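Asks: Below you'll find the structure I mean.
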Amino acid sequence: MPKADSQLLAANQLPMIVAMQESASEEQIQQVIEHLVKMGFEVHRSTGVRQTVLGAVGARADFDIRELELLSGVDQVHRISAPYKLAGRSFRPEGTIVKLPNGVEIGGNKVVVMAGPCSVESREQLFAAAEQVANAGARVLRGGAFKPRSSPYSFQGLGEEAVKLLREAGDKFKLLVISEVMEISQIPVMAAYVDILQVGARNMQNFNLLRELGKVRKPVLLKRGIAATLEELLLSAEYIMAGGNYEVILCERGIRTFETYTRNTMDISAIPIIHKLSHLPMTADPSHGTGRRDKVAPMARAAVAAGCDALLIEVHHDADHALSDGAQSLYPEQFRKLMDELRIIAPAVGRTIA
Ligand code: PEP
Ligand code: MN
């Protein structure tokens with residue numbers, strides 16, 4: 001059996017522990033064992049002085065553990081393996097390095113900086129930003145072509161025209177290109193022009209889109225949803241990987257909390273947590289993570305110190321007149337200064353800036 005198939009089969013296994021109540025009768029224990037066997041589990045019984053514990057191996061991952069918790073005599077039920085397998089660290093303990101054109105690698109020793117405007121607004125705007133971020137040392141140009149805006153009356157992006165401009169600007173300034181794909185119908189044109197397909201926070205659980213991206217052979221940068229747990233983020237990555245596309249890069253971009261000072265709360269701890277749970281590279285987006293340009297640099301510095309593999313940063317040549325996310329877009333000189341700071345911080349944690 002090919003390795004991926006046997007891993008997928010293993011992904012469908014759900015080892016778990018069923019701890020019976022101290023007061024559980026032998027009859028109740030037998031009923032639980034019978035129930036587990038009927039569900040397809042192999043059961044290993046451990047009878048302690050006070051409590052019986054059942055180890056169950058072999059059913060499918062879509063099994064709902066609450067069914068067991070409701071059986072009489074059951075105290076607790078715990079899954080002892082993660083519900084994602086291909087995205088889990090044990091699938092590739094050495095870590096994944098996503099290899100891009102021009103020798104750019106995400107997940108290796110070098111931290112890759114992706115920067116550019118929130119949206120592509122015009123050729124002049126995009127080329128000005130591209131030149132400035134390239135000169136400062138970014139390796140990837142960002143820019144939204146199809147924009148997921150909270151209001152239908154806000155600028156929605158230039159669409160296909162923007163994707164082509166991104167490619168042109170990227171080629172001119174030796175930058176790779178990343179842009180967001182919002183729906184399945186946009187995949188062909190995006191895949192033809194960009195190097196990395198971005199899935200936005202609002203689409204993290206658009207499972208139809210994720211499945212289609214599993215069929216594409218281009219890296220996908222998957223952003224964490226605004227109210228998504230890290231387990232949910234990894235399960236979304238699993239959708240893409242289950243289709244055969246293993247080139248997935250994750251991204252923390254801030255989550256919604258009760259704090260209102262910042263647009264979102266940048267969860268820096270997501271970086272080391274993802275590195276423990278998963279082999280996939282982890283990006284930090286301090287622009288959406290804070291929503292304020294005065295807080296972007298400190299969070300970018302913290303993200304590099306915390307071990308991120310890449311940064312995604314909004315930079316606009318004329319941020320005060322940006323058509324989207326101007327308040328969180330760095331002025332070019334702020335970006336240059338930040339890059340200089342990151343070149344000092346990265347070596348302290350065994351990295352360099354690509
Ligand atoms: C973006 O990067 O342009 C974007 C819309 O980000 P998010 O999906 O994180 O809101
Ligand atoms: Mn934006």
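The values are calculated or read from the model by the stated rules, or taken from the named source; none is laboratory data. Keep in mind that what you see is a predicted model, and the values were worked out from it rather than measured. SASA here: full protein model, heavy atoms, side chains in, ligands and nucleic acids out. Shrake-Rupley method; radii C 1.70, N 1.55, O 1.52, S 1.80 Å.
Asks: Using alpha-carbon pairs under 8 Å, 6+ residues apart, how would you state the relative contact order of the chain in percent?
Replies: 16
Asks: With the full set of protein chains in place, find how many percent of the accessible area of the chain is carbon and sulfur; take the probe as 1.4 Å.
Replies: 52
Asks: Report, by chain and number, residues whose modeled amide H sits under 5 Å from the one on S324, excluding near sequence neighbours (fewer than 5 apart, same chain).
Replies: Under 5 Å from the amide H of S324: S119.
Asks: Given the protein chains as shown and a 1.4 Å probe, how many square angstrom of D340 are accessible, to the nearest 10?
Replies: That residue has around 90 Å² of solvent-accessible surface.
Asks: Compute a Gaussian network model of the chain, connecting alpha carbons closer than 10 Å, and tell me which residue from G159, G144, G88 fluctuates the most.
Replies: Answer for the Gaussian network model of the chain: G159.
Asks: Out of residues 5 or more away from L222 or on other chains, whose amide H comes under 5 Å of its own, with H placed 1.01 Å from N in the peptide plane?
Replies: V199, I249, L250, C251
Asks: Which ³J(HN,Hα) values, rounded to whole Hz and listed in residue order, are derived for the range 255-272 from phi using the Karplus coefficients 6.51, -1.76 and 1.60 in 6.51 cos²θ - 1.76 cosθ + 1.60 with θ = phi - 60°, glycine and proline given as x?
Replies: Ordered by residue, 3J(HN,Hα) equals 10, 8, 10, 7, 6, 10, 4, 9, 5, 9, 9, 6, 8, 5, 5, 4, 5, x Hz.
Asks: Rounded to the nearest 500, what is the chain's calculated 222 nm mean residue ellipticity when only DSSP H runs of at least 4 contribute -39500 (n - 2.57) each, over all residues?
Replies: Calculated at 222 nm, the ellipticity per residue is -10500 deg cm²/dmol.
Asks: Let me ask another. Let me cross-check I80: its accessible surface, 1.4 Å probe, with only protein heavy atoms counted, in Å² to the nearest 10?
Replies: Looks like 110 Å² after rounding.
Asks: Also: Taking amide H positions as placed 1.01 Å from N in the peptide plane, with prolines and chain starts having none, which residues 5 or more places from R263, or on another chain, fall under 5 Å of its amide H?
Replies: G291, R292
Asks: As a test of reading the structure, rank Y239, Y261, Y153 by solvent-accessible area (1.4 Å probe, protein chains only), most first.
Replies: Ranked list, largest accessible area first: Y153, Y261, Y239.
Asks: Apply the Karplus curve 6.51 cos²θ - 1.76 cosθ + 1.60, θ = phi - 60°, to the phi angles in the range 117-126 and return the couplings in whole Hz, x for Gly and Pro.
Replies: So the Karplus estimates, Gly and Pro as x, are x, 4, 10, 7, 9, 6, 4, 4, 4, 5 Hz.
Asks: Heavy atoms of the protein only, probe of 1.4 Å, neighbouring chains included. What is the accessible area of E94 in Å², nearest 10?
Replies: Approximately 140 Å² for this residue.
Asks: Calculate the length of the line joining the C-alpha centroid of the range 266-299 to that of the range 35-50, in whole Å.
Replies: A separation of 42 Å, based on Cα centres.
Asks: Can you run phi through the Karplus equation (6.51, -1.76, 1.60; θ = phi - 60°) for the range 129-146 and list ³J(HN,Hα) in whole Hz, with x for Gly and Pro?
Replies: Taking θ as phi minus 60°, the curve returns 5, 4, 4, 5, 6, 5, 4, 7, x, 5, 10, 10, 9, 9, x, x, 9, 10 Hz for the range 129-146.
Asks: Distance from the Cα centre of the range 120-190 to that of the range 79-117, in angstrom?
Replies: 23
Asks: Pick out which of A129, A310, A227 has the largest mean-square fluctuation in a Gaussian network model of the chain, springs linking Cα atoms closer than 10 Å.
Replies: Top of the fluctuation ranking is A227.
Asks: Something else: Given the Cα-Cα distance of K172 and V189 and 0.36 nm per residue of separation, how much length would full extension add, in nm?
Replies: That pair, K172 and V189, stretches by 4.1 nm at full extension.
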